[in-house]
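Undergrad: Submitted below is the structure of interest, expressed as structure tokens.
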Amino acid sequence: MERKRDFINQINETTAKHGLNKYNQFNVFRTMFKMTEEKHLHSRFIAFLLNPKGTHGRGTKFLELFLEELEMPNFRMDGVTLVPDEVGKSELDNIDILIQNKHDDAIIIENKIFAGDSNKSDLEFEKMEDADPNRFQLPRYYNIATAKRLKVVYILYLNIDGRPPSFHNKFPQSVKDLLIRKEHLKHIQQWLTRCISELVDDCDLKSAIVQYKQASLEFLNDIQLAEDLKRITAANLDEGYNFWVNKEIEGVNHADLVLAQFIHVKWHTVYEFFSNLRERIESTFGVEVSEIENKQITALTHRNAKASITLSFEKNDILYYVCNDRAGFSIGIVKESKCDEDYQKILDKGYANFDFSNMQVFDLIDPSCSNGLIDKIVLECQAFCVQK
């Protein structure tokens, strides 16, 4: 009983700290968009504010504040153009935001929330040397810009936690030297606050920035809240299972709002599991592993879809995969015509589609349980690959 009381107290304190009771107030951005929309929401609104020719009518002021807040000095402001703009609404060569001035100085902005980097797969570039920079997203954008005779002065990698781009250690030095990593929750929120301060009088523009700032803050706060709830649950698995799955909610403030956060706890559990599995396979086999399929994780955890999640890697000219689907975990060889020897189920079916109502899946919220399962999968992979 004492453990249950302590668990509930931690839940209540955490949700109060994150202001969960203020959720669900009207916000036009949350009404119109999915908050995970990097391209059509976050990149477009940021680009709108940065564009000196935007209908906000503030010229270069918001851009100047942006460059100052994100520590990108000495970019000349004469003749600045930016894509995407309000009219075209389309990126140039898939670059999220490209800023240039009349001197052909350029800033490349890559905006990431959950999407992985668009690096080319082993299959697409199987005849390329590993060092070919066009294999990786940011070097590819740098080469596109320089081919247009632009002088790239900064490459801004903007995400939620300041993590580096995938495979950044393989980038050419010319790209590494220009790379700046910044965070949405810290740097973009501070920049938006400064933009709002520039607008003394209440107006539609000020209201729009305030609402975007609040919507994005709550969305990013959801991530921090989910991680905190996951940590509390990991330390109290039995109590957590009774709360999240059996809906034992007595004593929990705003219980319906809290229970609605379980999809985010599940998402982070599955995402972290595959991230760690991916790193373990890379370090164990000395290979590159395919990007994590975030959309599949979202379908699995948010919509209870029977989605499969697959990681693939090439070793000794053989393309392998590790998959979780309705049959559980399996390892196999990617080929058109398979025989029984090209495929092997591993572990039991209890892990099928990460059904968190199954206690052994729920236990993966605890990193020690998750890492234990990863150990077993990697051992099975080693045994399978040795046979080939």
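The values are calculated or read from the model by the stated rules, or taken from the named source; none is laboratory data. Bear in mind the structure is a predicted one, so any value in this text is a computation, not a measurement. Here the Cβ positions follow ideal geometry from the backbone for every residue, glycine too, while neighbour counts run over all protein chains shown. Please note that ligands, DNA and RNA were not included when accessible areas were found on the heavy atoms of the full protein model with its side chains. Shrake-Rupley method; radii C 1.70, N 1.55, O 1.52, S 1.80 Å.
Undergrad: State whether one or more residues within the stretch 238-259 are under 30 Å from ARG135 (Cβ atoms) and at pLDDT 95 or above.
TA: no
Undergrad: OK, next. In the stretch 281-306, what residues are in contact (Cβ under 8 Å) with a residue 40 or more places away in the chain and either in contact with an Asp or Glu (Cβ under 8 Å, 6 or more places away or on another chain) or polar (S, T, N, Q) (or both)?
TA: Answer for the stretch 281-306, where residues must be in contact (Cβ under 8 Å) with a residue 40 or more places away in the chain and either in contact with an Asp or Glu (Cβ under 8 Å, 6 or more places away or on another chain) or polar (S, T, N, Q) (or both): THR284, GLU288, SER290, GLU291, ASN294, THR298, THR301, LYS306.
Undergrad: Can SER166 be described as within 30 Å of PHE136 (Cα to Cα) and outside any helix (DSSP H, G or I)?
TA: Numbers: within 30 Å of PHE136 (Cα to Cα): yes; outside any helix (DSSP H, G or I): yes.
It is true that SER166 is within 30 Å of PHE136 (Cα to Cα) and outside any helix (DSSP H, G or I).
Undergrad: Let me ask another. Can ASP363 be described as part of a helix (DSSP H, G or I), farther than 27 Å from PHE243 by Cα and at pLDDT 95 or above?
TA: no
Undergrad: Separate question: Out of GLY57, GLY19, GLY79, report the one residue that is out of contact with any strand residue (DSSP E or B) (no Cβ under 6 Å at 6 or more places or on another chain), exposed (fewer than 13 other Cβ atoms within 10 Å of the Cβ), closer than 18 Å to CYS195 by Cα and small (Gly, Ala, Ser).
TA: Every option except GLY57 fails the conditions.
Undergrad: List pairs: first in the stretch 172-194 and closer than 20 Å to LEU205 by Cα, second part of a loop (DSSP other than H, G, I, E, B) and open to solvent by less than 60 Å² (accessible area, probe 1.4 Å), Cβ under 6 Å, 6+ apart or cross-chain?
TA: none
Undergrad: Where the second residue is part of a helix (DSSP H, G or I) and of a type in the set (Asp, Glu) and the first is over 26 Å from CYS323 (Cα atoms) and lies in the stretch 254-280, which pairs have Cβ atoms under 8 Å and are six or more apart or on separate chains?
TA: GLN261/ASP222
Undergrad: Assess whether ILE160 counts as being farther than 20 Å from THR31 by Cα and hydrophobic (A, V, I, L, M, F, W, C).
TA: Yes.
Undergrad: Name the single residue that is most open to solvent (accessible area, probe 1.4 Å) among those in the stretch 261-299 being closer than 19 Å to LYS376 by Cα and among the acidic types (Asp, Glu).
TA: My answer is GLU279.
Undergrad: Then there is this: Which one of these is surrounded by fewer than 19 Cβ atoms within 10 Å (Cβ to Cβ), touching a Leu at 6+ places or on another chain (Cβ under 7 Å) and closer than 30 Å to ASN12 by Cα: HIS254, HIS302?
TA: HIS254
Undergrad: Scan the stretch 25-47 residue by residue and report those that are out of contact with any strand residue (DSSP E or B) (no Cβ under 9 Å at 6 or more places or on another chain) and either within 17 Å of MET77 (Cα to Cα) or among the aromatic types (Phe, Trp, Tyr) (or both).
TA: PHE26, PHE29, PHE33, PHE45
Undergrad: Among the residues in the stretch 161-179, are any of a type in the set (Val, Ile, Thr), at negative phi and either touching a Gly at 6+ places or on another chain (Cβ under 9 Å) or surrounded by fewer than 19 Cβ atoms within 10 Å (Cβ to Cβ) (or both)?
TA: No, the stretch 161-179 contains no residue that is of a type in the set (Val, Ile, Thr), at negative phi and either touching a Gly at 6+ places or on another chain (Cβ under 9 Å) or surrounded by fewer than 19 Cβ atoms within 10 Å (Cβ to Cβ) (or both).
Undergrad: Then there is this: What single numbered condition from (1) β-branched (Val, Ile, Thr); (2) surrounded by 21 or more Cβ atoms within 10 Å (Cβ to Cβ); (3) out of contact with any helix residue (DSSP H, G or I) (no Cβ under 6 Å at 6 or more places or on another chain) fails to hold for ILE97?
TA: Result: ILE97 fails condition (3) only.
Undergrad: Within the set of pairs 6 or more residues apart or between chains, which connect a residue that is among the hydroxyl-bearing types (Ser, Thr, Tyr) inside the stretch 330-356 to a residue that is open to solvent by less than 20 Å² (accessible area, probe 1.4 Å) with Cβ atoms less than 7 Å apart?
TA: Sorted first by the residue in the stretch 330-356, then by its partner, the pairs are SER330/CYS323; SER330/ILE346; TYR343/SER330; TYR343/GLY332; TYR351/ASN324; TYR351/GLY328; TYR351/PHE329; TYR351/VAL361.
Undergrad: A further question on this structure: Checking LYS151 against (1) at pLDDT below 95; (2) farther than 30 Å from LEU217 by Cβ, only one condition comes out false. Which one?
TA: So the condition that LYS151 fails would be (1).
Undergrad: Out of (1) in a strand (DSSP E or B); (2) more than 24 Å from TRP267 (Cβ to Cβ); (3) open to solvent by less than 30 Å² (accessible area, probe 1.4 Å); (4) of a type outside the set (Phe, Trp, Tyr), the odd one out for VAL322 is which?
TA: So VAL322 meets the others, but not (2).
Undergrad: Looking only at the stretch 326-359, count every residue that is part of a helix (DSSP H, G or I), small (Gly, Ala, Ser) and either surrounded by fewer than 16 Cβ atoms within 10 Å (Cβ to Cβ) or in contact with a Leu (Cβ under 9 Å, 6 or more places away or on another chain) (or both) and tell me the total.
TA: 1
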